Amino acid sequence: MTLDNLKILARAYVPGAKTNVVSDTVVELILNNGAVEVAALTICLKTNKKFNVVADQREYLLSSVLGDFLVMDDPGVWWNDGTSWKQLHPKTMKWLDENRMNWRNEASGDPMYYYQENDTIGFHPKPDTTLTEGFHIYYGRKPVLMTAAEHYAFEGITEITHLSILDEAILYYFKWKVQPALNKDSADDFRRNEYAFKTEVALKKAMLARRPDMSASRYTQMQGAKVRP
């Protein structure tokens, strides 16, 4: 659905959001914020990129090495040790403080762990070598802003057709967030709209994750339990 159509439905879903009460600029801001929120909750814009390893540098700014980073995805971060890729273990700084108390002073080496704190991603041990595209990170990216009437949610001038089912979630977000602008600050209504938005997102996230082709495949059905060596 284009931005123009989202705006039409947004005002239809909230009749009080007339142009003399809520400007087009405000409506567009809320709808774009909704697209970002939905993308973060569903991780619907999965991608991956490599970035350079700098010897003895522990931390990197995600906004610098990955300009469109939004949230981490399941595969996490991988490290190239010079011969092969190895998956790093996700941890927190608190975990390192409690389990590797001297970690800040340990020598550089092959990273085993990574942590993410807001815009910072850090590694332990610090890498001991410089390597072009030595880190490989899997993440959900930020959507492209809708800035023109013909722009679609998530990818601007291009419609990602399988994500069209998320348009309704963006409109639910609008119904939730436009309330203060309408001077309708009822706590019950606000919580009800928030719940409706989160329920809609959860439903559509489950729909996006469905793979009926795999569940119907006799090859998938015949797979037994995997035995680890």
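A single entry from Val21, Val71, Val53 fulfils the requirement of being aliphatic (A, V, I, L, M), more than 15 Å from Glu168 (Cα to Cα) and in the same structural domain as Thr199 (by TED's automatic domain parsing): Val21.
When segment 36-53 is examined, which residues are found to be in a helix (DSSP H, G or I), among the polar types (S, T, N, Q) and surrounded by fewer than 18 Cβ atoms within 10 Å (Cβ to Cβ)? Matches in segment 36-53: none.
Considering segment 161-198 alone, what residues qualify as being β-branched (Val, Ile, Thr) and in contact (Cβ under 8 Å) with a residue 24 or more places away in the chain? Within segment 161-198, Ile165, Ile170, Val178 meet the criteria.
With respect to the conditions (1) under 28 Å from Glu200 (Cβ atoms); (2) touching a Lys or Arg at 6+ places or on another chain (Cβ under 8 Å); (3) part of a loop (DSSP other than H, G, I, E, B), Val21 lacks only one, and its number is (2).
Remark: pairs (first residue in segment 77-105, within 18 Å of Glu117 (Cα to Cα) and in contact (Cβ under 8 Å) with a residue 40 or more places away in the chain; second residue surrounded by 14 or more Cβ atoms within 10 Å (Cβ to Cβ) and of a type in the set (Val, Ile, Thr); Cβ separation under 7 Å; 6+ apart in sequence or on different chains) = Val77/Ile137.
Hey, can you tell me all the residues within segment 60-92 that are among the β-branched types (Val, Ile, Thr) and out of contact with any Gly (no Cβ under 6 Å at 6 or more places or on another chain)? Answer for segment 60-92, where residues must be among the β-branched types (Val, Ile, Thr) and out of contact with any Gly (no Cβ under 6 Å at 6 or more places or on another chain): Val65, Val77, Thr83, Thr92.
The values are calculated or read from the model by the stated rules, or taken from the named source; none is laboratory data. Keep in mind that this is a model prediction, so the values were computed, not measured. We place every Cβ from the backbone using ideal geometry, glycine too, and count neighbours over all the protein chains shown.
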